[in-house]
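One structure below.
Bear in mind that the values in this text are calculations on the coordinates, not laboratory data. On a predicted model such as this, the values are computed, not experimentally measured, just so you know. Cβ placement follows ideal geometry from the backbone for every residue including glycine, while neighbour counts extend to all protein chains displayed.
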There are 2 protein chains.
Amino acid sequence: MAVSPSRLDTPEPKPRNTARQQVDEAIRTALLTGRFIPGKAVTLRGLALELGVSPMPVREVIQRLAAENALEIRQNGRVQVPQMTPQRFDEILKARLLLEPELADMALPLLTKADANALEEIDSKIDASLGTGDAESYMRYNRDFHFRIYRSSRSEILLPLADSLWLQFAPYMRTVYGRVGTVNLVDQHKEAVRAIRNHDATALRLAISKDIEDGMGILGRAGLLDQ
Amino acid sequence: MAVSPSRLDTPEPKPRNTARQQVDEAIRTALLTGRFIPGKAVTLRGLALELGVSPMPVREVIQRLAAENALEIRQNGRVQVPQMTPQRFDEILKARLLLEPELADMALPLLTKADANALEEIDSKIDASLGTGDAESYMRYNRDFHFRIYRSSRSEILLPLADSLWLQFAPYMRTVYGRVGTVNLVDQHKEAVRAIRNHDATALRLAISKDIEDGMGILGRAGLLDQ
DNA sequence: TTGCAAATTTTGTGATCACAAATTACCACT
DNA sequence: AGTGGTAATTTGTGATCACAAAATTTGCAA
């Protein structure tokens, strides 16, 4: 008998490094850290030039992000970062409150002491960013904090859904921070870490829920009155 | 004064008819009605030939669907319809139970008597399809039934998330129906219509939840033992 | 018949080009 | 200076090509 693969699926030899993946990561990071302003036009050739590739991989990535509602393709074909609306904002908040506590709940049994320490480390960087008013760093570390938890869940379904949500509200939140600053920001990260250390599912769900509301609740809607 | 657009956004003149949209719709419908078998390889040139277009628009659509986890791009670049796994199945079920009752709840105030009648019409077609054992028609009409409700919510966030979920489980469910048939299928559609007519939010949520469990609960996991 | 290696084909990736539609720039005219 | 129309530019779309990697087929030898 042969020692052939025990599974008839996923041999998955070696990860290839395509230009598309680089472009994808670059644009996603830019969206998540708020380097794209809502309403701002995005052009294929512009991004391609900026990233040093041909328009080809950019086209594919834009389609990807448009499918996740992170970019908007108008009917004239032009691409832009979607504008936030009160309805969209409320729905994103609702969806986050449905999905993210669930993800945290799934992750909890898999979270180790090392994870808790790493989360504490990230949280201290968040505090540092808030102190210096560096909104871009804050957004990156805040994202890291949440998805360090969620990713531990090994979720294949809920995790991509949450990913899509973050891509949708991040650019807008960046504009809010630019307007009202970051000094008033509060979060429930220390409570979350404590809940993880105590293996307390109820407390973790509550911390995540409250954290989402802290981030988007009062502060968030404030910016929607004008624009 | 001018009669110019009252909003400073979205003039959106006329919808363009691109090859990409046609390809997108064709492949989505094929996935939702189970014409693609999980694990089946999908090739750019093959689809392009089949749909009478160049590989170009197919590439973009595949990227879109891959971003929604409706197609899987392996690390060697090959594309296939994702295989179902017990974990994925359970998570999809969980996600549906989180999102779809909420969508129905949002839709309820906007649903009219005409909607209820249309839903009843669709449900009769479902019964007809079940009678003749036409799984493909069943899947199309069942999809129509659910999204006729959900779409009424005018949701911009939760609706695309639910869309992604349906694309992920539809191909697998088709294989289940092919194995065990459709005669044993039960649903809660009549209860849902009744709840809509009575403007009973609690009853509608319950009907949707039970309907999801009827469709995926016992029957669904049965097929996961082998493959 | 079986195992293995070379050759052929298939496939995704990235780049370039042509084209049409939309946007922007420009300039004459009132 | 404001306005209207035309020209120039920009932009997304679709097609084709070259290339490399992977999968498949073929052919030869044990």
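Label-point spacing for residue B:55 across the identical copies (point 7 Å from Cα in the Cβ direction), in nm and ascending order: 2.0.
The residues packed around residue B:169, meaning those with a beta-carbon under 13 Å from its beta-carbon, carry a net charge of 0 if Lys and Arg are +1 and Asp and Glu are -1. Specify whether the C-alpha gyration tensor of the protein assembly as shown places it in the rounded, prolate or oblate class, a ≥ b ≥ c being the square roots of the eigenvalues: rounded for a/c under 1.5, otherwise prolate if a/b is larger than b/c and oblate if not. Rounded, because the longest to shortest axis ratio a/c is under 1.5. With each label modelled as a point 7 angstrom along the Cα→C-beta vector, the residue A:190-residue B:179 pair spans 5.2 nm.
Taking trypsin sites (Lys or Arg not before Pro) across region A:99-192, the ones in a DSSP loop with at most 13 further Cβ atoms lying within 10 angstrom of their Cβ are A:154. Dipole magnitude for the protein assembly as shown: about 1180 debye, using +1 per Lys or Arg Cβ and -1 per Asp or Glu Cβ, origin at the Cα centre. Close Lys pairs in the protein assembly as shown, defined as Cα atoms under 18 Å apart and 8 or more places apart or on different chains, number 9. Quick check: from the Cα gyration tensor, does region B:19-80 come out rounded (a/c under 1.5), prolate or oblate? Cα axes put region B:19-80 in the rounded bin.
Does chain A classify as rounded, prolate or oblate by the C-alpha gyration tensor (a ≥ b ≥ c root eigenvalues; a/c under 1.5 gives rounded; else a/b over b/c gives prolate, otherwise oblate)? Oblate is the answer for chain A, as a/c is 1.5 or above yet b/c matches or exceeds a/b. Taking a label point 7 Å from the Cα of residue B:17 along the Cα→Cβ vector, which residues of region A:52-77 have an amide N closer than 18 Å to it? Label zone hits: A:75-77.
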